[in-house]
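Q: I have a structure I would like to understand better, so I am pasting it below and will then ask my questions one at a time.
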Amino acid sequence: MNDQYKSGFAALIGRPNVGKSTLMNCLIGQKIAITSNKPQTTRNRIQTVYTSKEGQIVFVDTPGIHKAKNRLGDYMVNVASKSLKEVDVILWLVEPSNFIGAGERHIIEQLQKINTPVILVINKIDKVKREDILAFIDTYRKELDFAEIVPVSALKGENTDELIKCIMAYLPYGPAFYDEDVITDQPERQIVAELIREKALYCLEEEIPHGIAVTIERMKRRGKIVDIDATIVCEKDSHKGIIIGKQGSMLKKIGTTARADIEEMLECRVNLQLWVKVKKDWRDSDFLLKNFGYNPKERE
């Protein structure tokens with residue numbers, strides 16, 4: 001590595017559903033974070049790595065900052081807040097708008113308390129007229145002293161090269177944290193569980209928005225096939241019936257769509273078996289939260 005090489009951490013923050021995970025997947029060039037049109041999809045802090053000859057950016061995709069309603073909510077908010085103090089630069093994603101709502105005001109309050117440089121990323125510019133973008137920039141510029149303001153479309157990959165350049169400008173000089181072929185710190189089992197959860201969120205109706213978790217019971221390679229046994233955990237018996245569907249049709253749909261993504265990631269054939277279990281109020285149980293991969297201590 002030369003002495004001009006840069007490396008550091010960038011946190012992605014924003015209200016739920018502004019496109020944080022889509023942007024991260026776009027910048028990395030591979031799907032790591034799950035995406036869904038339901039808010040609070042990202043529950044853990046996911047680290048992904050962008051490496052080029054100029055430097056290395058470790059992206060931390062935090063859960064959306066929002067007002068917590070249960071212990072899982074507390075955990076998610078705490079993880080997001082903690083991330084802001086531990087990074088070199090913050091990317092705050094917003095939707096293109098002249099209106100700053102209560103959720104954004106809450107984030108502005110959090111950002112005013114810290115000294116980390118903040119890059120405002122106005123996402124979804126593919127949905128608006130070009131001439132309106134300057135007005136959106138002007139609306140936000142008055143609220144906080146941003147290091148940079150960059151309009152992008154994460155979905156279309158527009159202006160993301162410019163965003164990478166802006167991030168690099170705020171990183172310190174130093175050696176890479178990860179080998180150049182590493183793209184995430186997430187273990188394979190975790191990504192597989194998240195991919196299944198994404199497909200469940202996508203296939204299921206609104207009545208089961210967040211009350212599911214996925215655990216991987218077994219993941220074993222057998223020649224050119226990987227056998228995976230996974231359990232979808234829900235909070236109510238009525239939810240279990242919806243997840244399974246008529247004659248198992250919904251569970252089959254979730255499994256089929258998840259398997260395609262898992263096979264692409266693992267680059268081999270996958271034999272996926274899904275089960276459904278009910279664990280009442282798991283989102284308010286420290287023991288179960290820990291069991292499903294969310295460390296309750298991170299709320300403290």
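The values are calculated or read from the model by the stated rules, or taken from the named source; none is laboratory data. Treat the numbers as computed from the prediction; the structure is a model and nothing was measured. Don't worry about glycine lacking a Cβ; one is built from the backbone with ideal geometry, like all the others, and counts go over all protein chains shown. The protein model used for the area step is the full one, side chains on, heavy atoms only, and it has no ligands, DNA or RNA in it. Shrake-Rupley method; radii C 1.70, N 1.55, O 1.52, S 1.80 Å.
Q: Looking at region 73-97, I want the residues that are closer than 14 Å to Gly14 by Cβ and have a partner that is of a type in the set (Phe, Trp, Tyr) and modelled with pLDDT of 70 or more with Cβ atoms under 8 Å, at least 6 apart or on another chain. Which pairs are those?
A: As it stands, the answer is Val94/Tyr140; Pro96/Phe136; Ser97/Phe136, since those pairs meet every condition given.
Q: Return the residue satisfying two criteria in turn: it lies in region 1-25 and is touching a helix residue (DSSP H, G or I) at 6+ places or on another chain (Cβ under 6 Å) and open to solvent by less than 50 Å² (accessible area, probe 1.4 Å), and of such residues it is modelled with the highest pLDDT.
A: Start the filter on region 1-25 by keeping residues that are touching a helix residue (DSSP H, G or I) at 6+ places or on another chain (Cβ under 6 Å), which leaves 6, 10-12, 14-15.
Checking which are open to solvent by less than 50 Å² (accessible area, probe 1.4 Å) leaves us with 6, 10-12, 14.
Details: Lys6: 95, Ala10: 92, Ala11: 87, Leu12: 86, Gly14: 81.
Out of the qualifying residues, it is Lys6.
Q: Taking Ala213 as meeting all but one of (1) surrounded by 19 or more Cβ atoms within 10 Å (Cβ to Cβ); (2) at pLDDT 85 or above; (3) part of a strand (DSSP E or B); (4) not aromatic (Phe, Trp, Tyr), write down the number of the exception.
A: (2)
Q: Residues of region 119-168 being of a type outside the set (Gly, Ala, Ser) and part of a strand (DSSP E or B), which ones? Before you say what the answer is, go through the steps one by one.
A: Residues of region 119-168 that are of a type outside the set (Gly, Ala, Ser), as a first pass: 119-134, 136-146, 148-152, 155-156, 158-168.
Within region 119-168, Ile119, Leu120, Val121, Ile122, Glu148, Ile149, Val150, Pro151, Glu158 meet the criteria.
Q: While we're on this one: Is region 93-100 home to any residue that is at pLDDT below 70, within 23 Å of Leu155 (Cα to Cα) and within 13 Å of the chain's Cα centre (by Cα)? Give the steps one after another, and end with the answer.
A: So the first thing to find is which residues in region 93-100 are at pLDDT below 70, and the list is none.
No, every residue in region 93-100 fails to be at pLDDT below 70, within 23 Å of Leu155 (Cα to Cα) and within 13 Å of the chain's Cα centre (by Cα).
Q: Here's something else I'd like to know. Please state which of the following conditions Arg45 fails to meet, knowing it meets all the rest: (1) at pLDDT 55 or above; (2) more than 20 Å from Ile122 (Cα to Cα); (3) open to solvent by 10 Å² or more (accessible area, probe 1.4 Å); (4) touching a helix residue (DSSP H, G or I) at 6+ places or on another chain (Cβ under 8 Å).
A: All conditions pass for Arg45, except number (1).
Q: Okay, moving on. Can you give me the number of residues within region 264-290 that are at pLDDT 85 or above and within 15 Å of Ile212 (Cβ to Cβ)?
A: Total meeting the criteria: 5.
Q: What pairs come up if the first residue lies in region 223-237 and is within 22 Å of Glu264 (Cβ to Cβ) and surrounded by fewer than 19 Cβ atoms within 10 Å (Cβ to Cβ), the second is modelled with pLDDT under 90 and not basic (Lys, Arg), and their beta carbons are under 6 Å apart, counting only those six or more places apart or on different chains?
A: Correct list of pairs: Lys224/Cys268; Asp229/Glu217.
Q: Considering (1) touching a helix residue (DSSP H, G or I) at 6+ places or on another chain (Cβ under 8 Å); (2) open to solvent by 60 Å² or more (accessible area, probe 1.4 Å); (3) modelled with pLDDT of 85 or more, say which one Ile254 fails and leave the rest.
A: Condition (2) is where Ile254 drops out.
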